[in-house]
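Report on the structure given below.
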Amino acid sequence: LCFKEFSKFSDFSSLIAAESFNYKKFFEMVGLKKKSPEDVKKVFHILDKDQSGFIEEEELKFVLKGFTPEGRDLSDKETKALLAAGDKDGDGKIGAD
């Protein structure tokens, strides 16, 4: 996944406006559900900045910046919603699985 691939979506601006981030729409737009498990792991490792094997709340704040130069930091509310969606075991972080 890269900016070039992501920028083809016409409603990308709807994710950039403050307090507009919708993780379901984001996942749909970047096609993560259609990606192979290997591609999803590549994205995971890009987002796992400290290479801890987990994506923590602090790393999630910057998810949009990983896809476009115009990306912004997510708000605390948006970050917590994204974390809750991916944190299946409730430990406060997202594992590769």
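The values are calculated or read from the model by the stated rules, or taken from the named source; none is laboratory data. Not measured: the values here are computed from a predicted model. Cβ atoms come from the backbone with ideal geometry, glycine included; neighbour counts cover every protein chain shown. For accessibility, only protein heavy atoms count, side chains too; no ligands or nucleic acids. Shrake-Rupley method; radii C 1.70, N 1.55, O 1.52, S 1.80 Å.
State whether the stretch 8-95 is rounded, prolate or oblate according to the following rule on the C-alpha gyration tensor (a ≥ b ≥ c being the square roots of its eigenvalues): a/c under 1.5 gives rounded; otherwise a/b larger than b/c gives prolate, and the remaining case gives oblate.
oblate
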key: Carbon plus sulfur fraction of accessible area for the stretch 8-95, probe 1.4 Å, in percent   = 56 percent
task = Report, ordered by chain and residue number, the lysines lying within cross-link reach of Lys24, taken as a straight Cα distance under 19 Å and ignoring same-chain residues fewer than 8 apart.
result = Lys8, Lys33, Lys34, Lys35, Lys41, Lys61, Lys65, Lys77, Lys80, Lys88, Lys93
note = Two pseudo-spin positions, 7 Å from Cα along C-beta at Glu38 and at Ala84, lie apart in nanometres by 3.6 nm
key: Accessible area expressed per residue, the stretch 8-95, with surrounding protein chains retained (probe 1.4 Å, Å²)   = 61 Å²
